[in-house]
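All remarks here apply to the structure that follows.
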Amino acid sequence: MTTRIQEAPASAVETRLLGCVRQKLEFRSGNEAAALAARDIGFHVMGYFPITPSTEVAENLSKMRADGQHEIVMIAGDGEHGAAGICYGAALGGGRVLNATSSQGLLYALEQLPVQAGTRVPMVLNIAARAISGPLDIRGDHSDIYYALNTGWIMLCARDPQAVYDLNFAAVKIGEHRDVRLPVLVAYDGFITSHQKRRIQVFDDPEAIRSFLGKRPDFPSPLDTEHPATFGPYMNDPDLINNKVQLSQAMEAARRVIPEVLAELEKMTGRVYPVLDGYRMDDADAAVVLLNSAAETAKETADGLRDKGAKVGVLSPNVLRPFPAEEFRQALRRVKIATIGDRADSYGAGGGNLSLEVRAAIQIDPQNHTRVVSRVYGLGGKDFYAVDAEQFFGQALEAAATGRVAEPFAYHGANPGRPDTRPPKGLPPIRAEEVRGMAHVQRDEATGRLKVELEPLWKMTEVPNRIGPGHGACPGCGAFPTLHQIYNVLEGDVVVLFQTGCAMVVTTGYPSTAHRINYIHNLFQNGAATLSGLVEMYHERVRRGELPASKDITFVMISGDGGMDIGMGPAIGAANRNHRMMILEYDNQGYMNTGAQLSYSTPFGHRTSTSEVGASLPGKRYHHKDTAQIFAACHLPYVFTASEGFPEDLMRKVAKAQYYAKNEGLVYGKILSYCPLNWRTADDAAQPVLQAAIDSCFFPLYEIEHGHTALTYDPDATGRRHPVTDWLKLMGKTRHLLNPANAGIVQGIQAEADRRWARIKAMHEHPLL
Ligand SMILES: Cc1ncc(C[n+]2csc(CCOP(=O)(O)OP(=O)(O)O)c2C)c(N)n1
Ligand code: SF4
Ligand SMILES: [Mg+2]
């Protein structure tokens, strides 16, 4: 086996341009660099789902696509699992495929990764590394990428935006090599690399890089109908182990191919990417080993220590899979002590994965006597400064001097907190007795339907808020009027579960909470399953006499429209099981919390950050999903649509919903909710905009009680029906649709609104529907 340990340039942006292809200087973040590389590679398909901090890759590509800068087919998945499936299918089809994700997104897709590697389908996945939940933290560490270590993917590490750009090309070339044929992941640090702009060199003419990459080799494909093949057969003993041998051999082939490709890339760019980046290691007694951006901090610290006479150096792998074990053995052979820092723990193993793997690599080398200090650092985006690097070197130097490692494994930078202090108490909890009597619900024995009498609106102001003031939503946000209207009529004890989204993010931030009742959060997509488990436990414990039946708790899940994309499966599962709970969706027509990406509820033609508008693209390409009708098909006791702009209608429906959720089973409600920030409207314009959406019949207000549909507001009957243009002209996100060039889209929106309205109306009029 050939090994290559090379001194990397002081900075990865240092270049030797003589003899290289023409490049130009740009000022770009890691996410932008990934998008530029994608444009230059000219991938066929990108399957993706937004998640901070990698979302910008798709957003940048969406903008570029709208401006006609590339032709990559951008497919928004229903979640990362779906996105990974889209990528798999597309890659099987024989073209070049890209994805980008982070944190929970990677974990949600994880099941697909061994499939993609095990069936040897090359593609590229950029990871802006971020801490995994729980608790939820959106900043960077390496706890997500470590989960990919055992998936069979090649893993490249990009320590700065330049490396992100360069290694994306390398990823394509390495993965498609005939001896390798594996998917490749490019991991860079969330926010530090993904968002910080640096000077980078990009190719002046993408043709240069395209000829370097060549045509994607033809691997067996289901699109080759002349040569039918079975992709992904059921395979048991004795074949599976042989299949895995082939995967392992492909990884070993990658060990040879990676340095070859990186050397070719060096010839084109002048930039050097050794498999193991060694900095001032030639005569080092002590080393610090770190992954990605923290290694650059440590290099500066090493310079300072060298000036003082300490023989120190830094090691940092540019490739994590295949693991550069031999390179580590060589690099550490004369090093007495190495402090190895991991930005993620492998709990209970006495070190993070990098530390464990370096230890494993050197223990088989009889010439190696390096002692290892393992440190877990920088979790949840905790910064790693020069002073931290100094401490790492200090621990190594001290151990080198004494010949003793005082503390082989520890967390660096954690503090025990102050047990004598308690977070300030929030507002007192709301007691069940405080919220009663705002709505009187009765069953009409003749029709079997419920009748609701509401107290006058002014009386609702006496109801104490279950959400306290002090949340961090934008001025004019519709999520809170929606929640207050819901809470005003819900009686008694309520347990609420929020899926991830604006309403969740702005109401909790440890150690504070705006919730004055029991509140649960379980990530973005699994709320309905979680709440259904709680509901069943409650009823079972009441049945066993362990909890008082008199409490009579109402269980409510609050989700955004995005949560009802990625969480559709668990929600439909809960609906089919008909648990006694409510699922209420505030629909603001996009993934607002993450910066206004398209959801499946975003209407046709609307601008979002992943359905951009430009000369080549006029906004979202397909119509909004009709979630209420999807739940209606689950034959629930009660389904409704509503809007915060019609408070009495909304509160009446919520009162009914509570009755059904307590007595019969699952209830679903879709509530149109204002988002001035991303609809690009004034903070105080909720009423006219929502009214126009409803009057144009784009968002009909109706309920389905035991399968019977009833309109609760009919703009035809009141003479208020308007064309959709009266609604579209009110929002910045739809202003482009008023351009005559987009008349076809407006006609499409109108036709679809009319069609869906006519169906609802026909159901309203039909005694069986
Ligand atoms: C598995 C996973 N994928 C993606 C995300 C990122 N994410 C968190 S909230 C959110 C959008 C939420 O949209 P929606 O449910 O409509 O609520 P809104 O923010 O619009 O209120 C996204 C994409 C995540 N947290 N977890
Ligand atoms: S982005 Fe929209 S939904 Fe989110 S807090 Fe702001 S106004 Fe509310
Ligand atoms: Mg939303």
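For the residues VAL654, VAL639, the requirement of being part of a helix (DSSP H, G or I) and either away from ligand 3 (no atom under 16 Å from the Cβ) or open to solvent by 10 Å² or more (accessible area, probe 1.4 Å) (or both) singles out VAL654.
Applying the selection to the range 429-447, what residues are at pLDDT 90 or above, open to solvent by less than 80 Å² (accessible area, probe 1.4 Å) and assigned to a loop (DSSP other than H, G, I, E, B)? Within the range 429-447, ILE430, MET438, ASP444 qualify. Restricting the search to helices (runs of 4 or more DSSP H) fully inside the range 292-402 and requiring at least 3 residues that are open to solvent by 10 Å² or more (accessible area, probe 1.4 Å) and among the acidic types (Asp, Glu) gives 293-307, 386-402.
Out of all the residues in the range 152-171, is one or more open to solvent by 10 Å² or more (accessible area, probe 1.4 Å), in contact (Cβ under 8 Å) with a residue 24 or more places away in the chain and farther than 29 Å from ARG198 by Cα? Looking for residues that are open to solvent by 10 Å² or more (accessible area, probe 1.4 Å), in contact (Cβ under 8 Å) with a residue 24 or more places away in the chain and farther than 29 Å from ARG198 by Cα, one finds at least one in the range 152-171, hence yes.
Yes or no, residue by residue, for (1) farther than 26 Å from ALA344 by Cβ; (2) charged (D, E, K, R):
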| position | (1), (2) |
| --- | --- |
| VAL245 | yes, no |
| LYS267 | yes, yes |
| VAL272 | yes, no |
| VAL288 | no, no |
| THR301 | no, no |
| VAL312 | no, no |
| PRO317 | no, no |
| ALA325 | no, no |
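Answer yes or no as to whether GLU407 is open to solvent by 80 Å² or more (accessible area, probe 1.4 Å) and either touching a residue at least 40 places away in the same chain (Cβ under 8 Å) or assigned to a strand (DSSP E or B) (or both). Taking the combined requirement at face value, the residue does not satisfy it. All of (1) of a type in the set (Gly, Ala, Ser); (2) away from ligand 1 (no atom under 12 Å from the Cβ); (3) modelled with pLDDT of 95 or more hold for GLY645 with one exception: (3). Of the residues making up the range 380-412, those that are under 12 Å from ALA294 (Cβ atoms) and touching a strand residue (DSSP E or B) at 6+ places or on another chain (Cβ under 9 Å) number 5. Residues in the range 464-483 that are within 16 Å of ligand 1 (Cβ to nearest atom) and crowded, with 17+ Cβ neighbours inside 10 Å: ILE467, HIS471, ALA473, GLY476, CYS477, GLY478, ALA479, PHE480, PRO481, THR482, LEU483.
When GLY707 is tested against (1) without any contact (Cβ under 8 Å) to a residue 40 or more places away in the chain; (2) over 18 Å from SER643 (Cβ atoms); (3) surrounded by fewer than 16 Cβ atoms within 10 Å (Cβ to Cβ), exactly one condition is not met: (1). Selection of the range 42-85 for residues being more than 18 Å from THR500 (Cβ to Cβ), in a loop (DSSP other than H, G, I, E, B) and open to solvent by 20 Å² or more (accessible area, probe 1.4 Å) yields GLY42, HIS44, ASP67, GLY68, GLN69, GLU71.
Does GLY590 qualify as being touching a residue at least 12 places away in the same chain (Cβ under 8 Å), within 13 Å of ligand 2 (Cβ to nearest atom) and crowded, with 24+ Cβ neighbours inside 10 Å? Yes; evaluated as a whole, the condition is true for this residue.
Considering only residues of the range 478-510 that are under 23 Å from the mean Cα position of the chain (by Cα) and farther than 21 Å from ALA529 by Cα, which is farthest from ligand 2 (Cβ to nearest atom)? Among those residues, the one meeting the criterion is TYR510. Listed by first and then second residue, the pairs linking a residue in the range 494-508 that is in contact (Cβ under 8 Å) with a residue 40 or more places away in the chain and open to solvent by 10 Å² or more (accessible area, probe 1.4 Å) to a residue that is near ligand 1 (Cβ under 8 Å from one of its atoms) and among the hydrophobic types (A, V, I, L, M, F, W, C), with Cβ atoms under 7 Å apart and 6 or more places separating them unless they lie on different chains, are THR500/LEU523; THR500/PHE524; CYS502/ALA479; CYS502/MET592. Of all the residues in the range 17-41, those that are under 28 Å from LEU92 (Cα atoms) and either hydroxyl-bearing (Ser, Thr, Tyr) or open to solvent by 20 Å² or more (accessible area, probe 1.4 Å) (or both) number 2. Answer yes or no: is there a residue in the range 544-554 that is touching a Ser or Thr at 6+ places or on another chain (Cβ under 9 Å) and closer than 25 Å to SER643 by Cβ. The answer is no, given that none of the residues of the range 544-554 is touching a Ser or Thr at 6+ places or on another chain (Cβ under 9 Å) and closer than 25 Å to SER643 by Cβ.
Being among the aliphatic types (A, V, I, L, M) and within 16 Å of ligand 2 (Cβ to nearest atom) is not true of MET537.
Looking only at the range 71-108, residues that are touching a Ser or Thr at 6+ places or on another chain (Cβ under 8 Å), more than 16 Å from ligand 1 (Cβ to nearest atom) and among the hydrophobic types (A, V, I, L, M, F, W, C) come to 1 in all. Taken over the range 644-699, residues that are within 25 Å of ARG720 (Cβ to Cβ), over 32 Å from the mean Cα position of the chain (by Cα) and of a type in the set (A, V, I, L, M) amount to 2.
The residue that is farthest from LEU320 (Cα to Cα), counting only those in the range 220-261 that are assigned to a loop (DSSP other than H, G, I, E, B), in contact with a Pro (Cβ under 8 Å, 6 or more places away or on another chain) and of a type in the set (A, V, I, L, M, F, W, C), is ALA229.
Applying the condition of being more than 16 Å from ligand 3 (Cβ to nearest atom) and of a type in the set (S, T, N, Q) to the range 529-562 and asking which residue is surrounded by the fewest Cβ atoms within 10 Å (Cβ to Cβ) yields SER550. Name the one entry in GLU540, GLU546 that is of a type in the set (Asp, Glu) and in a loop (DSSP other than H, G, I, E, B). Going through GLU540, GLU546 in turn, the sole match is GLU546.
Matching residues to (1) out of contact with any Cys (no Cβ under 8 Å at 6 or more places or on another chain); (2) within 15 Å of ligand 1 (Cβ to nearest atom):
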residue: ASN576; (1), (2): no, no
residue: ARG580; (1), (2): yes, no
residue: TYR586; (1), (2): yes, yes
residue: ASN593; (1), (2): no, yes
residue: TYR600; (1), (2): yes, yes
residue: GLU612; (1), (2): yes, no
residue: ALA615; (1), (2): yes, no
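All told, PRO183 falls short of being in contact with a Gly (Cβ under 8 Å, 6 or more places away or on another chain), surrounded by fewer than 23 Cβ atoms within 10 Å (Cβ to Cβ) and not polar (S, T, N, Q).
The values are calculated or read from the model by the stated rules, or taken from the named source; none is laboratory data. Predicted model only: the values in this text are computed from it and were never measured. As a convention, Cβ positions derive from the backbone with ideal geometry for all residues, glycine included, and neighbour counts pool all protein chains shown. Just so you know, the surface numbers come from the protein's heavy atoms only, side chains and all, with ligands and any DNA or RNA stripped out. Shrake-Rupley method; radii C 1.70, N 1.55, O 1.52, S 1.80 Å.
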